[in-house]
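A short write-up of the structure that comes next.
The values are calculated or read from the model by the stated rules, or taken from the named source; none is laboratory data. In this text the structure is predicted, and so the values were computed from the model without any measurement. So basically every Cβ, Gly included, is an ideal-geometry build from the backbone, and we count neighbours across all protein chains shown.
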Amino acid sequence: MTAQEKFSELVRFIYKCDDIAVAFSGGTNSSLLLCAAQEAHGKNIWALTANAAFFTQEELYHVHEVLDDYKLNDARIPVYILQEEKIVQNREERCKTCRRLLSEGLAKAAGGLGAAVLLDGRTNEKPGCVDSREITADIACRSPFVELGFGKRDIYEMLLAVGRGYYLREPAVCLAERFAFGEQLTAAKLDFVEKAEKTVQKFAGKDRCVRFTNWDIVVYTKKDISEPDRKSICAELRKGGAGDIKFAFPEEIGEEIHS
């Protein structure tokens, strides 16, 4: 089956679902899902985006960027994840708890807006932030890519086939991933990390991330940073409350940096 044929199958799947809403994050999977939903139902759909503490302004910018292509009904749904103690304590159950809250929040909002079905971009390869298996709200929740057996490669090929290759992007890394397990999460710490990464970006480009442990910071970049620039970064981060600041490359911890 060609990529174009797979996309047509995806459109047919969505066409059979009435009164739909799409859980839309601005990422690759949900962008393709929204594209197919618009093809199936025109503008008679909702694009719902969770507005939660772990999403950066950069990610929300991508949401606006894609939605500008469609002019659909869209809404930002507040989900107060930092009111949940299991998330604040930042232990192993954090991701599952967050996924449940985001999924339930979007499902309830979709039902309240009159949608009968909420579609999410989960694949068998990756659960995603919204997962229909976590939803108990009184609304049908479906994962088209899972039901059709489409994976990451299929999604990439379909986007290229329909001329939407500019939606392809590296998976965003949740802000909470910048913190060591057990580091209590607060709005102030999350805000600091987001601002810190914007500061580093001025000198190192988008391939950067910050790791936070009790206000001590490790700055990971793929590009080496000159000593004067390091001093400028340190000065800015210390204004925000940083303690010890170190610089490293991603291979030193065996992982990739995603913007």
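Evaluate region 201-208: report whether one residue or more is over 19 Å from the mean Cα position of the chain (by Cα), within 21 Å of Phe24 (Cα to Cα) and surrounded by 20 or more Cβ atoms within 10 Å (Cβ to Cβ).
Within region 201-208, not a single residue is over 19 Å from the mean Cα position of the chain (by Cα), within 21 Å of Phe24 (Cα to Cα) and surrounded by 20 or more Cβ atoms within 10 Å (Cβ to Cβ).
Just one of (1) at pLDDT below 95; (2) in contact with a Phe, Trp or Tyr (Cβ under 9 Å, 6 or more places away or on another chain); (3) farther than 30 Å from Gly205 by Cα trips up Lys71, so point out which.
(2) is the only condition that Lys71 fails.
Would you confirm whether or not region 97-107 contains a residue that is surrounded by 15 or more Cβ atoms within 10 Å (Cβ to Cβ), among the basic types (Lys, Arg), in contact (Cβ under 8 Å) with a residue 12 or more places away in the chain and under 27 Å from Lys198 (Cβ atoms)?
yes
Take Ala23 and tell me if it is assigned by TED's automatic domain parsing to the domain that holds Gly121, surrounded by 23 or more Cβ atoms within 10 Å (Cβ to Cβ) and in contact (Cβ under 8 Å) with a residue 40 or more places away in the chain.
yes
Return the pair list, or none, for Cβ contacts closer than 8 Å from residues in region 153-182 that are touching a residue at least 60 places away in the same chain (Cβ under 8 Å) to residues that are in a loop (DSSP other than H, G, I, E, B) and aliphatic (A, V, I, L, M), at least 6 apart or on different chains.
That search, which allows pairs on different chains as well, returns Tyr156/Leu168; Leu159/Leu168; Leu160/Leu168; Leu175/Ala53; Ala176/Leu185; Phe179/Leu185.
So for region 162-170 (the condition being surrounded by fewer than 13 Cβ atoms within 10 Å (Cβ to Cβ), of a type outside the set (Phe, Trp, Tyr), at positive phi and not in a helix (DSSP H, G or I)), does at least one residue qualify?
The answer is yes, given that some residue of region 162-170 is surrounded by fewer than 13 Cβ atoms within 10 Å (Cβ to Cβ), of a type outside the set (Phe, Trp, Tyr), at positive phi and not in a helix (DSSP H, G or I).
Can you tell me which residue among Glu125, Glu85, Glu93 is farther than 20 Å from Thr49 by Cα, of a type in the set (D, E, K, R), more than 19 Å from the chain's Cα centre (by Cα) and surrounded by fewer than 22 Cβ atoms within 10 Å (Cβ to Cβ)?
Within the list Glu125, Glu85, Glu93, the selection yields Glu85.
Just checking, which of Gln83, Gln89 is in contact (Cβ under 8 Å) with a residue 40 or more places away in the chain and either within 22 Å of Ala188 (Cα to Cα) or assigned by TED's automatic domain parsing to the domain that holds Asp191 (or both)?
The conditions single out Gln89.
I'm told Lys231 meets every condition in (1) of a type outside the set (A, V, I, L, M); (2) not assigned by TED's automatic domain parsing to the domain that holds Val11; (3) not in a helix (DSSP H, G or I) except one. Can you identify the failing condition by its number?
(3)
Name the one entry in Leu190, Leu185 that is farther than 15 Å from Asn29 by Cα, in contact with a strand residue (DSSP E or B) (Cβ under 9 Å, 6 or more places away or on another chain) and in a loop (DSSP other than H, G, I, E, B).
Sole residue among the options that is farther than 15 Å from Asn29 by Cα, in contact with a strand residue (DSSP E or B) (Cβ under 9 Å, 6 or more places away or on another chain) and in a loop (DSSP other than H, G, I, E, B): Leu185.
Has region 183-197 got any residue that is exposed (fewer than 15 other Cβ atoms within 10 Å of the Cβ) and either at positive phi or over 22 Å from the mean Cα position of the chain (by Cα) (or both)?
no
State all residues of region 156-179 that are out of contact with any Phe, Trp or Tyr (no Cβ under 7 Å at 6 or more places or on another chain), aliphatic (A, V, I, L, M) and modelled with pLDDT of 90 or more; if no residue qualifies, say none.
Result: Leu160, single match.
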